[in-house]
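Structure first, then comments.
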Amino acid sequence: MSAPHLMSTEPQKTSRAGRDLPAAIGIGVSLGAGIIAVLVFEPRIWYAVVSVALAIATWEISQRLRDGGIGIALWPLLIGGQAIIWSGWPWGTTGILVAAVTTVLVSMVWKLLAQGLSAAPEDYLRGLAVTVLVMAWLPVLGAFGALIVTESDGAARVATLVVVVVCSDVGGYAAGVLFGKHPMAPAISPKKSWEGLVGSLLVGTIGAVCCALFLLDAHWWVGAILGPVLVICATLGDLVESQVKRDLGIKDMGTLLPGHGGIMDRLDSLLPSAFVVWGVLTALL
């Protein structure tokens, strides 16, 4: 979800992001309105929103990995992922940890039995390692995004997460289009620029300070700390997914959201950012 930090020299296509911009804006506004409605009227539904989104994203990435010749323990990951997310509601971080370890153990046995006890191992180690990576990347990080809402001001914390990441996107896009000349990571994401990162840091930090003052009823310096950390984390999360997609030779993880790609393509920066919001706000508030 992180802003593309677009280079101003990029040739014009459907948009400077190479996407159907009207469709992307429409989908983005619809998703944002849905999240606002959940947080305003019934914040506990946030758990269901996270669990459904993560299940779809897990399915998307499993299909792309399969196309790339990597077989993961999909059903243990899907079922265990739901256990990881929902265990945080009654048992907090302990529930998340226990469910995650259980998912790893079940995946080890699942991959072993799937190949047959008498058969020679075929890519067992790589498949299992990627299964654990996907588990840590999606349901574990997502569980902390869900856990945020259980705090007394949980709706405000979730809103802060979304607002700061969106501010980072908008600032990065605008600065990249207007001023972007120096590529940040040309081998991974050629459209990202250092100028776009500066725009993300500026607008994202302003958004975080405003959230601290008006949503969290906290000191301004809480936002001043959260903003830059969250922007950098979101940008790196986006680069990580871009690297995975380049390794697999694909553009998007899915096609469910016109103008955006798949659900996973919208969660790339939100997932690590959710953990950062949980950690920073737990420490400072």
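The values are calculated or read from the model by the stated rules, or taken from the named source; none is laboratory data. No experiment lies behind these values; they were computed from the predicted model shown. Cβ coordinates were reconstructed from backbone atoms using ideal geometry, including for glycine residues, and neighbour counts include every protein chain displayed.
Among the residues of the range 230-241, which ones are crowded, with 19+ Cβ neighbours inside 10 Å and touching a residue at least 40 places away in the same chain (Cβ under 8 Å)?
So in the range 230-241, the residues crowded, with 19+ Cβ neighbours inside 10 Å come out as 230-231, 233-235, 237-238, 241.
The answer is Leu230, Val231, Cys233, Ala234, Thr235, Gly237, Asp238.
Name the residues in the range 42-80 that are part of a helix (DSSP H, G or I), of a type outside the set (A, V, I, L, M) and either within 19 Å of Val244 (Cα to Cα) or modelled with pLDDT under 95 (or both), would you?
The answer is Thr58, Trp59, Glu60, Ser62, Gln63, Arg64, Arg66, Asp67.
Which numbered condition in (1) farther than 21 Å from Val130 by Cβ; (2) modelled with pLDDT under 90 is the only one that Gly227 fails?
In the conditions (1) farther than 21 Å from Val130 by Cβ; (2) modelled with pLDDT under 90, Gly227 misses (2) alone.
Would you check if Gly171 is buried (at least 19 other Cβ atoms within 10 Å of the Cβ), closer than 17 Å to Trp278 by Cα and not acidic (Asp, Glu)?
Working: buried (at least 19 other Cβ atoms within 10 Å of the Cβ): yes; closer than 17 Å to Trp278 by Cα: no; not acidic (Asp, Glu): yes.
For Gly171, the condition - buried (at least 19 other Cβ atoms within 10 Å of the Cβ), closer than 17 Å to Trp278 by Cα and not acidic (Asp, Glu) - is not met.
Among the residues that make up the range 234-257, is at least one of them of a type in the set (D, E, K, R) and in contact with a strand residue (DSSP E or B) (Cβ under 6 Å, 6 or more places away or on another chain)?
The answer is yes, given that some residue of the range 234-257 is of a type in the set (D, E, K, R) and in contact with a strand residue (DSSP E or B) (Cβ under 6 Å, 6 or more places away or on another chain).
Please list, ordered by first then second residue, the pairs with beta carbon atoms under 9 Å, 6 or more apart or interchain, first in the range 50-61 and surrounded by fewer than 24 Cβ atoms within 10 Å (Cβ to Cβ), second acidic (Asp, Glu) and part of a helix (DSSP H, G or I).
Glu60/Asp265
Criterion first (buried (at least 19 other Cβ atoms within 10 Å of the Cβ), touching a Leu at 6+ places or on another chain (Cβ under 9 Å) and within 28 Å of Ala212 (Cβ to Cβ)) does Leu77 satisfy it?
no
Look at the range 47-80 and say how many of its residues are within 23 Å of Trp278 (Cβ to Cβ) and over 15 Å from the mean Cα position of the chain (by Cα).
Initial filter on the range 47-80 (within 23 Å of Trp278 (Cβ to Cβ)): 47-58, 61, 77, 80.
Still in the list and also over 15 Å from the mean Cα position of the chain (by Cα): 47-48, 77, 80.
Residues that pass the stated criteria total 4.
Taking the criterion of being at pLDDT 95 or above and more than 19 Å from the chain's Cα centre (by Cα), would at least one residue in the range 233-249 satisfy it?
no
Testing Val104 on (1) touching a residue at least 24 places away in the same chain (Cβ under 8 Å); (2) over 22 Å from Phe275 (Cβ atoms); (3) over 17 Å from the mean Cα position of the chain (by Cα), one condition comes back false. Which one is that?
(2)
Are any of the residues in the range 152-167 in contact with a Pro (Cβ under 7 Å, 6 or more places away or on another chain) and buried (at least 22 other Cβ atoms within 10 Å of the Cβ)?
No, every residue in the range 152-167 fails to be in contact with a Pro (Cβ under 7 Å, 6 or more places away or on another chain) and buried (at least 22 other Cβ atoms within 10 Å of the Cβ).
Of all residues in the range 81-101 being surrounded by 15 or more Cβ atoms within 10 Å (Cβ to Cβ) and aliphatic (A, V, I, L, M), which is nearest to the chain's Cα centre (by Cα)?
Ile85
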